[in-house]
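The values are calculated or read from the model by the stated rules, or taken from the named source; none is laboratory data. Worth saying up front: this structure is predicted, and the values here are computed from it rather than measured. FYI the Cβ positions are ideal-geometry reconstructions off the backbone, even for glycines, and counts take in every protein chain you see. Accessible surface is based on the protein model in full, side chains and every heavy atom, while ligands, DNA and RNA are left aside. Shrake-Rupley method; radii C 1.70, N 1.55, O 1.52, S 1.80 Å.
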Amino acid sequence: MTVKVIVADDQEIVRTGLTMILNAQPGIEVIAEAADGRRAVELARRLRPDVCLFDIRMPGLDGIQATRALAGPAVPDPLAVVVITTFDLDDYVYAALRAGAKGFLLKNAGAQLLSQAVHAAASGDALIAPSVTARLLTAFARTGPAVPPANPIEALTDREEQILATVARGRTNSEIADELHISLSTVKTHIASLMAKLGARNRVEIAMWAYETKRL
């Protein structure tokens, strides 16, 4: 099954480069491009891609606003959005996740991680750049949780505990599969189960729960 993608970036050379990289990946096809957030939202609503890949700094609507319009809490039929940016700023990460993004990558992530993020978003998973995850968790560890961590609605299995630890270390799904010698689909199943049991919306929240409960 081919994952259909819309790419939005105000710089033509970046937009063209991302499109070329994605079209070269198995099972991914870029079906439209946009140079600003407003056009990206219009195209996404009309074409209903599997994944939208949005830069943050764009004219008209920026990537965060475009994400909120397509994937925010008030959207009845949200689309999967991956935010990609040159700017490694925590404020952008928090804003993107709050707006409903299914992934957050830096533009130096490389073709493999970009492909993984797109496939993850298309399947309902979320992938945050490991370097971003690690930094967020370091900051979180310094300040500590604002409230006591909630107990899972159901006890974690031994395998889920293993997956939990790898996610908290910023591993991607493929890296987890290799490390634990299990299939990629099994990793996705366990992560979905973790999110349900912990009430987490993304991998960062899974990792934060691991830190809160001293699982590492």
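Straight-line reach from LYS4: taking Cα to Cα under 28 Å and skipping same-chain neighbours fewer than 8 places apart, the lysines in range are LYS102, LYS107, LYS188.
Heavy-atom accessible area per residue, the range 1-118, 1.4 Å probe: how many Å²? Kindly include the intermediate steps, with their values, before the conclusion.
Details: 5440 Å² over 118 residues.
Accessible area per residue: 46 Å².
The distance separating the Cα centre of the range 156-214 from that of the range 31-46 comes to 33 Å. Assign unit charges at the C-beta atoms only (+1 for Lys and Arg, -1 for Asp and Glu), then state the dipole size of the chain relative to its Cα centre in Debye, rounded to the nearest 20. Rounded to the nearest 20 debye, it is 280 debye. Computed from backbone phi with θ = phi - 60° and the Karplus coefficients 6.51, -1.76 and 1.60, the 3J(HN,Hα) list for the range 189-199 is 4, 5, 5, 4, 5, 4, 4, 5, 5, 9, x Hz; x is used for glycine and proline.
Take peptides 166-178, 13-25 and line them up by average Cβ neighbours within 10 Å, highest first, as a rough protection proxy.
On the way: 166-178: 19.5, 13-25: 15.1.
In decreasing order of mean packing, 166-178, 13-25 become 166-178, 13-25.
Only helical runs count toward this figure. For the chain, summing -39,500 (n - 2.57) over DSSP H runs of n ≥ 4 and dividing by all residues gives -16000 deg cm²/dmol at 222 nm. Residues considered: ALA34, ALA155, ALA117. Largest GNM mean-square fluctuation over the chain, using C-alpha springs under 10 Å, is found at ALA155.
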